[in-house]
Each structure stands twice: as structure tokens, then as C-alpha cells.
Amino acid sequence: MNYFNNYRCTRCGQEYEPDRVKYLCPVCSKDYQPGMPLPGILECVFDYARIAIAWQEFCIAFPSANPSQKIEELCELFSPLNKEYYPNLPVGNTPLICSQSLVGESLYLKFDGVNPSGSYKDRASNLVVAEAKRLGIKEIVTASTGNAAASLAALCAAAGIKAVIFAPAKAPPAKLVQIKIHKAELHLVEGTYDDAFAAALAYSATHECLNRNTAYHPFTIEGKKTGGLELYAQLGVVPDYIFVPTGDGVILCGIAKAFYDLKEAGIADRLPILVAAQSESSDAITSYWETGVYKDAAKPQTVADSISVKTPSAAHLALKVLKDTKGMGIRVSDEEILSAQKMLASRTGIFCEPSSAATLAAYFQAREHALIKDQAIVVLMLTGHGLKDINAVKFDD
């Protein structure tokens, strides 16, 4: 049973039938030009009353359901697509690890490096590829610093769909290898991620394809929502804080969407406090949250390439999310990121990429400044595997 009703513009509130629009709100985006945050991002609206009934029936029928069963049910209830369209790869249901070896108290680590391509981005690619299958579209294009591209390449390979990738020439070699091994069509851009984003938009304007650019297609946020649904099923409660590595802001918005939906259906009673962990040089969303005035990041050069963004596509929606959840943005240095990466690897056995380690670095800052309540349930989103960028790792000896 599918409970997806309509798209709703996150800016003006106008609703649209699902097949009437494909990407952004046509009213709010009429003056959009590449190089600015996306206006009029669409969100999926569901029949929350019917979902509430279906979830209650599930809980009555399966009172002893384990977290994996609950994850499967919640992800199906809140999906805009039927599972029959999903590619044949196991995406999601990733481990939530409770560790006391980092700070001497319980800290939950949600590790998405175990997804098929080693990245959280598989969640978004899974839904966009499924939508292409539903529509009978044979080609999908995206821009990426590497993870979204490798993800799309893998999921497209599983579905027999052509993937076209625009990526910065300076993307980590391991990520470029992933793209190539899955036989995607790779276009290297002599510039930044933002240049690749514009190139992918130009390509989709002249080709019969679907565009997977982050936040541009509504299902990218819906796919990234599934991590939040899993957290609720795994913990059994709404966590107090969730630290999210933030570049474009789409994972942040996706996690928030999960708890918006759960609350709207009466399954959860509150929202978690969301924290955007950003590199010092790629801090547009944090600066926006602090000042209320949007400005591009001046020079986004960081070891954490996955969160290196000059113009965050979801900047406006991310600001709303931080306000709605009483959250915050925290800047961390490359030195703090690399130190946190080593600590995670040596004390928990989890080797994550630098952007993921930014969440632990931000957590330490939050603790230092007494921004975390005592006995709080805290989750760090670790969104990519460290093998994706081994050149970033620095050893002391």
C-alpha cells in the first residue's frame, strides 16, 4: 500500500500532483539560476491518518517485532514508491552502534559505510533509480564530489540504467574508480562541485533523462529520510541530538523529514535537536543560521571533500530545519576532523571518511561549550567509509 499523496513546496506551500511536476516548485523556481541555493524544494506529503492506522495494526499484529522488522515497515509506509521498483541491491538498515569508548558515556554511531557503495548516498540513489524504472527512463544524470556519483553508478548498474556523472577532476581517486568500474559515463569538470552541479542541470535540459542532483529531485531527500526512520526503530525513542555532516544540507533535511513524518502520523511525539557539522571553510549553512543572511562559502577547501560546497543547494530548507528543531551549526577544522577520524578507527573499529568524522569533532565542541544536556541520547551520523579517500588519512609516524 502506498500512502504518497502530493508534493508540497517548502517555500510557498503550494501542493502538486506527483506526475505534474518533477523537480522544483514551478512558481518559486521560475527565476532560479545555477550558482544559487535551490528555491522551492518539493517535499512529499503522505496520508498520515492512514499511516497511523497501518502502524497501529502492525504493532498489534507483531508486538515483539525486532528493529529490522520495524525498519522495513516504517520505510514502506513512508515511501513514495512501491518496493517493486527498487533496484536489486540491499540499501539501508545499517548498524547503530552504542559506544562508550570515545567519551566514557553512551554515544550512538549510525554507520552507513556498509551500504553497497559505502555511502549514505545510496539511500537517495535507490529511490531516484526506482523512480526512473517506474517512469521507463533509461538514463540518470547527477553532479557529485564522488559519493553520490559512485552510488548512482552502482544502483544504475543493478537496474540496467545508464548513469551520467559530472564530477570535479580533483575528486578522490577511489571514488572515481568506483564510478568507472560500474561503467558510468564520467565527465570530469575542471572546477568545483558547484560547477559540476550546473553542468548536470545543463545536460538534463537537453537529454531525455532524470536528474538526481541533490535536493533538486524531491526523492533525494525522501531517500535520505530513511536513515532517520531507522534511528527511531532502532532506538525505540526519538534521540535528543543528531549530529549530521553537512555540505549541501540534504542529509540534514532528510533526517528532519523522517521525524516530521513520524510526528505528523502520531508515531513520534517530538523532533530531535539537529546539529549541522561543517568544515570551517565550507560553512555557508552555519553562517546562515548565525546571521539570518545567506552568503556562499568563500573558499571551500577542506580534507572533508564530501561536505566541501560553495553554494549549498538546500541552504534555505536547512535553515528552516535548524530553526524547527532548535538545532545549531558547528564549524570544525581539518585538524579536528582528522583527529576524530583516527579516534573513531582506533577506539571503535569504524573507519569512516573525513566528512563523517566531522560529527565527532562537532560533538566534542558541543560538549566543551556545554551545549549538550546531561544523560542525553546522542547519535553521530557516519555517512561514508574511510576507504573512499585513503589519501586524506595522516599518520603520526
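Pull up the stretch 249-279, narrow it to residues that are part of a loop (DSSP other than H, G, I, E, B) and within 24 Å of GLU353 (Cβ to Cβ), then point me to the one that is nearest to the chain's Cα centre (by Cα).
Only one residue tops the list, namely GLY249.
Please work out if ILE71 is closer than 24 Å to ALA184 by Cα and touching a residue at least 24 places away in the same chain (Cβ under 8 Å).
no
Checking THR10 against (1) modelled with pLDDT of 95 or more; (2) among the polar types (S, T, N, Q); (3) farther than 16 Å from ALA258 by Cα: exactly one of these is not met. Which one?
(3)
Quick check on THR311: is it hydroxyl-bearing (Ser, Thr, Tyr) and farther than 25 Å from ASP194 by Cβ?
No; evaluated as a whole, the condition is false for this residue.
Would you please name the residue that is farthest from GLY329 (Cα to Cα), looking only at residues in the stretch 365-378 that are assigned to a loop (DSSP other than H, G, I, E, B) and not small (Gly, Ala, Ser)?
GLN375
Return the only residue of SER282, SER287, SER313 being outside any loop (DSSP other than H, G, I, E, B) and small (Gly, Ala, Ser).
That would be SER287, the only listed residue that is outside any loop (DSSP other than H, G, I, E, B) and small (Gly, Ala, Ser).
Name the one entry in ALA54, ALA65, ALA49 that is on the phi < 0 side of the Ramachandran plot, modelled with pLDDT of 95 or more and either part of a loop (DSSP other than H, G, I, E, B) or not hydrophobic (A, V, I, L, M, F, W, C) (or both).
One residue alone meets the criteria, ALA65.
Based on what the data block shows, is ALA163 under 27 Å from GLU353 (Cα atoms) and without any contact (Cβ under 8 Å) to a residue 40 or more places away in the chain?
So ALA163 fits the description; yes.
Quick check on my filter: what residues within the stretch 25-46 are among the charged types (D, E, K, R) and part of a loop (DSSP other than H, G, I, E, B)?
Correct list: LYS30, ASP31.
Give all pairs with beta carbons closer than 8 Å in which a residue from the stretch 361-386 that is over 13 Å from LEU102 (Cβ atoms) meets a residue that is of a type in the set (Phe, Trp, Tyr) and part of a helix (DSSP H, G or I); count only pairs at least 6 apart in sequence or on separate chains.
The qualifying pairs are ILE372/TYR363.
Just checking, which of VAL177, VAL250, VAL237 is surrounded by fewer than 18 Cβ atoms within 10 Å (Cβ to Cβ), out of contact with any Leu (no Cβ under 8 Å at 6 or more places or on another chain) and in contact (Cβ under 8 Å) with a residue 60 or more places away in the chain?
One residue alone meets the criteria, VAL237.
Listed here are the residues, each with its yes/no results for (1) at negative phi; (2) buried (at least 17 other Cβ atoms within 10 Å of the Cβ); (3) of a type in the set (Lys, Arg); (4) touching a residue at least 60 places away in the same chain (Cβ under 8 Å).
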site	(1), (2), (3), (4)
GLY13	no, no, no, no
GLU17	yes, no, no, no
CYS28	yes, yes, no, no
GLN33	yes, no, no, no
MET36	yes, no, no, yes
PRO39	yes, yes, no, yes
LEU42	yes, yes, no, yes
ILE60	yes, no, no, no
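Suppose we filter LEU319, LEU274, LEU338 for residues that are touching a helix residue (DSSP H, G or I) at 6+ places or on another chain (Cβ under 8 Å), buried (at least 24 other Cβ atoms within 10 Å of the Cβ), of a type in the set (A, V, I, L, M) and without any contact (Cβ under 8 Å) to a residue 60 or more places away in the chain; which single one remains?
LEU274
Taking the conditions exactly as written (among the hydroxyl-bearing types (Ser, Thr, Tyr) and either touching an Asp or Glu at 6+ places or on another chain (Cβ under 9 Å) or closer than 18 Å to LEU89 by Cβ (or both)), does TYR216 satisfy them or not?
no
Look at ALA362 and say whether it is assigned to a helix (DSSP H, G or I) and touching a helix residue (DSSP H, G or I) at 6+ places or on another chain (Cβ under 7 Å).
Against the criterion (assigned to a helix (DSSP H, G or I) and touching a helix residue (DSSP H, G or I) at 6+ places or on another chain (Cβ under 7 Å)), ALA362 does not qualify.
Only residues that are surrounded by fewer than 20 Cβ atoms within 10 Å (Cβ to Cβ), of a type outside the set (A, V, I, L, M) and in contact (Cβ under 8 Å) with a residue 24 or more places away in the chain: list them for the stretch 181-202, please.
LYS183, THR192, ASP195
Looking at PHE364, PHE395 in this structure, which one is of a type in the set (Phe, Trp, Tyr) and either within 19 Å of the chain's Cα centre (by Cα) or surrounded by 14 or more Cβ atoms within 10 Å (Cβ to Cβ) (or both)?
Within the list PHE364, PHE395, the selection yields PHE364.
For the stretch 357-376, state whether one or more residues are modelled with pLDDT of 95 or more, of a type outside the set (Lys, Arg) and in contact with a Lys or Arg (Cβ under 7 Å, 6 or more places away or on another chain).
There is no residue in the stretch 357-376 that is modelled with pLDDT of 95 or more, of a type outside the set (Lys, Arg) and in contact with a Lys or Arg (Cβ under 7 Å, 6 or more places away or on another chain).
If the requirement is being among the charged types (D, E, K, R) and either part of a loop (DSSP other than H, G, I, E, B) or touching a Phe, Trp or Tyr at 6+ places or on another chain (Cβ under 7 Å) (or both), which of these qualifies: ARG8, ARG20?
Among ARG8, ARG20, only ARG20 is among the charged types (D, E, K, R) and either part of a loop (DSSP other than H, G, I, E, B) or touching a Phe, Trp or Tyr at 6+ places or on another chain (Cβ under 7 Å) (or both).
Within the stretch 88-108, does at least one residue satisfy the condition of being in a helix (DSSP H, G or I) and closer than 18 Å to LYS224 by Cβ?
The answer is no; no qualifying residue exists.
The values are calculated or read from the model by the stated rules, or taken from the named source; none is laboratory data. None of the values given here were measured: they were computed from a predicted structure. Because the Cβ atoms are built from the backbone with ideal geometry, glycine has one as well, and the counts that use them run over all protein chains shown.
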